[in-house]
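A quick write-up on the structure given underneath.
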Amino acid sequence: MTTRSAARRLAEFASCRRDLVALAYRMLGDMGRAEDMVQEAWIRWEGHEVEASSPRAYLTTVVTRLCLNELESARARREESRADRLPEPVDLDEGGISHVERAEEVSMAFMVLLQRLTPAERAVLLLHDVFDFDHREIADLVGNNAAACRKLLERARQHVAMERRILAARPDEHRRLLQAFLKAASAGDTRALVELLADDATLISDGGAEGRVLGRQRNLPRPLHGAARIAAFASATAAAARENALHAEERQLNGQPAVVFWTGDRPFSALLLAVADGKIQRVFFHGDLSRLGYVGRRPGAPAPRSTRDRGDP
């Protein structure tokens, strides 16, 4: 490959890279693995001997198929079968995907919905509704026919439509409910918490495959349903956080207001919500220490000695 063609390929890859990372993150719910997929796509693109008529289509095809293969792996199937598993929370600037036009397309609530779809449904929904590929292009990408892709898209949209209302809350309403929830939990005011929560609210607490313990409080192995039960859990968890001197700090995670809890300069856990109709509909506690690397650094904290390879060519 000539120096000129190598430079052109690098430029073509660089122009697509952010969209590729955003696609892989939505597919996998894990930013580190998403970057690995994009790095592998770069290696294949760099070594691809035939000139592609559409670099974007070629690279999207590679990343999509890599993600589908990853989701079919035994590890991924085991992880996604856990009832308490949440996608990795991400500061969009930290993850390099701050260009996302609509925050609801990367919100934690939307990511959880994607995780409930089959890998093929997930791919078709994202490629058609988020990345504007047509059915013929998608059929080529996922190795299926256009009619089958339409059926997959129909099923995926049906799943998403059932919870569409929790995907587009106003930022001011979201922040107000987040701050009120944190204040009531910190005060141990379960009555106020119940008032903030929808009657049929759901809480998911992800402590990783091995689980987490804070004081006497352990993360839940399965979702918790109902305002009263969630209020009691949140109040007990907040009390344990005080006893362990955790520091709470508001952040933007997945494009929406959230809270990160710190122990020193290290993230301990993250709290994200889904809100609608003036109530908290979903509560997401993320405490898997191995998957809190993209919530950003605490202001004033020293930069880490080294950073994870972000997959840049």
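The values are calculated or read from the model by the stated rules, or taken from the named source; none is laboratory data. Everything numeric here is computed off the predicted structure, so don't read it as measured data. Here the Cβ is made from the backbone with ideal geometry for all residues, glycine too, and neighbour counts use every protein chain on show. Calculation scope for accessible area: heavy atoms of the full protein, side chains included, ligands and nucleic acids excluded. Shrake-Rupley method; radii C 1.70, N 1.55, O 1.52, S 1.80 Å.
Specify whether the C-alpha gyration tensor of region 188-240 places it in the rounded, prolate or oblate class, a ≥ b ≥ c being the square roots of the eigenvalues: rounded for a/c under 1.5, otherwise prolate if a/b is larger than b/c and oblate if not.
Verdict is oblate for region 188-240.
Counting only heavy atoms of protein chains, what accessible area per residue, in Å², does region 170-276 have with a probe of 1.4 Å?
In whole numbers, region 170-276 has 48 Å² accessible per residue.
Dipole of the chain (Lys/Arg Cβ +1, Asp/Glu Cβ -1, origin at the Cα centre): which of ALA41, LEU178, THR118 lies farthest to the positive side?
Sorting the options by dipole projection puts first LEU178.
What residue among LEU153, ALA74, SER235 has its Cα farthest toward the positive end of the dipole of the chain, where the charges are +1 on Lys, Arg and -1 on Asp, Glu, each on the Cβ?
Checked the options; the winner is SER235.
In deg cm²/dmol, rounded to 500, what helix-only [θ] at 222 nm does the chain give when every DSSP H run of at least 4 residues adds -39500 (n - 2.57) and the total is split over its residues?
Result for the chain, helices only: -15000 deg cm²/dmol.
Applying 1/(1 + (r/R0)^6) with R0 = 30 Å to the Cβ-Cβ distance of ARG191 and GLN158, what FRET efficiency is obtained, to the nearest 0.05?
0.20
Sorted by accessible area (1.4 Å probe), largest first, how do ARG157, ARG122, ARG266 line up?
Reading off the accessible areas and sorting them downward yields ARG266, ARG157, ARG122.
Measure out, as a whole number of angstrom, how far apart the alpha-carbon centroids of region 56-115 and region 222-292 sit.
Computed from Cα coordinates, the inter-centre distance equals 21 Å.
Points 7 angstrom from Cα along the Cβ direction at ARG56 and ALA245: gap in nanometres?
Simple spin-label model gives 5.2 nm for this pair.
So, with a 1.4 angstrom probe, what is the percent of accessible area on region 41-152 that is carbon and sulfur?
Percent of accessible area from carbon and sulfur atoms in region 41-152: 46.
Search the structure for amide H atoms under 5 Å from the amide H of ARG251, placed 1.01 Å from N in the peptide plane, and list their residues when 5 or more places away or on another chain.
ALA258, VAL259, VAL260
So what are the radius of gyration and Dmax for the Cα set of the chain, in Å?
Rg and Dmax of the chain, Cα atoms, are 20.4, 69 Å.
In a Gaussian network model over the chain where Cα atoms closer than 10 Å are linked, find which of ILE43, ILE230, ILE166 has the largest mean-square fluctuation.
Of ILE43, ILE230, ILE166, the most mobile in the Gaussian network model is ILE43.
Taking 0.36 nm per residue of sequence separation and subtracting the Cα-Cα distance, how much length would be gained by fully extending the chain between ASN69 and GLU40, in nm to one decimal?
Full extension of this stretch gives 9.2 nm more.
Work out how much length ALA146 to GLU94 would gain on full extension: take 0.36 nm times their residue separation and subtract the Cα-Cα distance, in nm to one decimal.
Here the segment from ALA146 to GLU94 would lengthen by 15.1 nm.
Starting from the 7 Å offset along Cα-to-Cβ, what nm value, one decimal, do you get for the label separation of HIS225 and GLU80?
The answer from the label model is 2.3 nm.
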